[in-house]
């Protein structure tokens, strides 16, 4: 297989040309095909992440809402002790949920970028390249993870300032990083699927706004599942955000414990992301119609 381009010229068109010029792995060599898939996925992720350089203020503006939840809602409910969280202070209980909420809010509207790419003609260039559709979808999902990681840094700093008892074990921090990336990848691929189905910005924004709050409130982000009514507990158990929050709460907090098991949390997010990536890869070309 030819060596990958060592110098990446500036500009999106040239980057797409680099994708097109890569040699497709030879049939019958699954390892080479896998490496080729990973390389192209990472190129797409890098291409998407570069957009942050043009508007870095987006990261700060998106941090305002989770900051308000922690500084106002979290502080007030910690004082009045209205929500039972056992031996864990409410602000500690809430911090991982707000990180998951921030990742959700960043990712759930990510699909609108695909509609913009179609309108600008960039989507057709992606589809004309030999890049696997799944690599295109997963690469965009991983780039949403980059945005999620920046939110994690901001929320960690806020939580530290508020006296949240954090777990600074390097393996726990790595686990938080992986969960944030997986959560962002899942919800961004979910968003892309919605964009492929509705195909217009107006419909997409409407559906995104309708889905965001139910996903958030039908999870364990700001209150335990045990205090929910029975019907909401059922919905919470099938909500992937619940498992993301559970993993974050286990890994972020000192002495944190999982109610479902970290293995199940990671498994649910990995399987869900893989499934939605395949569905998104199937639907991705249809948005150009």
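Please state which of the following conditions residue 139 fails to meet, knowing it meets all the rest: (1) closer than 18 Å to residue 42 by Cα; (2) at pLDDT 85 or above; (3) over 16 Å from the mean Cα position of the chain (by Cα).
All conditions are met except number (3).
Given the condition at pLDDT below 95 and not in a helix (DSSP H, G or I), answer yes or no: does some residue in segment 175-186 qualify?
no
Mind checking whether some residue in segment 81-101 is over 30 Å from residue 256 (Cα atoms) and either in contact with a strand residue (DSSP E or B) (Cβ under 6 Å, 6 or more places away or on another chain) or touching a residue at least 12 places away in the same chain (Cβ under 8 Å) (or both)?
Of segment 81-101, the ones over 30 Å from residue 256 (Cα atoms) are none.
There is no residue in segment 81-101 that is over 30 Å from residue 256 (Cα atoms) and either in contact with a strand residue (DSSP E or B) (Cβ under 6 Å, 6 or more places away or on another chain) or touching a residue at least 12 places away in the same chain (Cβ under 8 Å) (or both).
Among the residues of segment 217-237, are any touching a helix residue (DSSP H, G or I) at 6+ places or on another chain (Cβ under 8 Å) and within 30 Å of residue 126 (Cβ to Cβ)?
Within segment 217-237, not a single residue is touching a helix residue (DSSP H, G or I) at 6+ places or on another chain (Cβ under 8 Å) and within 30 Å of residue 126 (Cβ to Cβ).
Specify which of the listed residues (144, 95, 113, 100) is surrounded by fewer than 24 Cβ atoms within 10 Å (Cβ to Cβ) and in contact with a helix residue (DSSP H, G or I) (Cβ under 9 Å, 6 or more places away or on another chain). Walk me through how you get there before you give the answer.
On the way: 144 fails: surrounded by fewer than 24 Cβ atoms within 10 Å (Cβ to Cβ); 95 fails: surrounded by fewer than 24 Cβ atoms within 10 Å (Cβ to Cβ); 100 fails: surrounded by fewer than 24 Cβ atoms within 10 Å (Cβ to Cβ).
It is 113.
If I go through segment 29-88 residue by residue, how many of them are surrounded by 15 or more Cβ atoms within 10 Å (Cβ to Cβ), outside any helix (DSSP H, G or I) and more than 25 Å from the chain's Cα centre (by Cα)?
Number satisfying all stated conditions: 2.
Can you tell which of 192, 171 is more than 30 Å from residue 127 (Cβ to Cβ) and part of a helix (DSSP H, G or I)?
On the way: 192 fails: more than 30 Å from residue 127 (Cβ to Cβ).
Answer to the check: 171.
Condition first: over 23 Å from residue 48 (Cβ atoms), touching a strand residue (DSSP E or B) at 6+ places or on another chain (Cβ under 8 Å) and without any contact (Cβ under 8 Å) to a residue 60 or more places away in the chain. Can you find one or more residues in segment 203-211 that meet it?
no
Identify, by number, the condition in (1) crowded, with 22+ Cβ neighbours inside 10 Å; (2) more than 16 Å from residue 276 (Cβ to Cβ); (3) at pLDDT 85 or above that residue 105 doesn't meet.
The failed condition is (1).
Matching residues to (1) at pLDDT below 95; (2) more than 14 Å from the chain's Cα centre (by Cα); (3) in a helix (DSSP H, G or I); (4) surrounded by fewer than 22 Cβ atoms within 10 Å (Cβ to Cβ):
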{"site": "226", "(1), (2), (3), (4)": "yes, yes, yes, yes"}
{"site": "232", "(1), (2), (3), (4)": "yes, yes, yes, yes"}
{"site": "255", "(1), (2), (3), (4)": "yes, yes, no, yes"}
{"site": "259", "(1), (2), (3), (4)": "yes, yes, no, yes"}
{"site": "274", "(1), (2), (3), (4)": "yes, no, yes, yes"}
{"site": "278", "(1), (2), (3), (4)": "yes, yes, yes, yes"}
{"site": "281", "(1), (2), (3), (4)": "yes, yes, yes, yes"}
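Could you please find all residues in segment 102-126 being free of Cβ contacts under 8 Å to residues at least 12 places away in the same chain and more than 23 Å from the chain's Cα centre (by Cα)?
119, 120, 121
Among the residues of segment 176-196, are any closer than 17 Å to residue 265 by Cα and surrounded by fewer than 18 Cβ atoms within 10 Å (Cβ to Cβ)? Before the answer, list the steps.
Here is the first cut: in segment 176-196, the residues closer than 17 Å to residue 265 by Cα are 176-187.
Next cut, surrounded by fewer than 18 Cβ atoms within 10 Å (Cβ to Cβ) only: 177-178.
Yes, segment 176-196 contains at least one residue that is closer than 17 Å to residue 265 by Cα and surrounded by fewer than 18 Cβ atoms within 10 Å (Cβ to Cβ).
The values are calculated or read from the model by the stated rules, or taken from the named source; none is laboratory data. Since we're looking at a predicted model, the values are computed, not measured. As a convention, Cβ positions derive from the backbone with ideal geometry for all residues, glycine included, and neighbour counts pool all protein chains shown.
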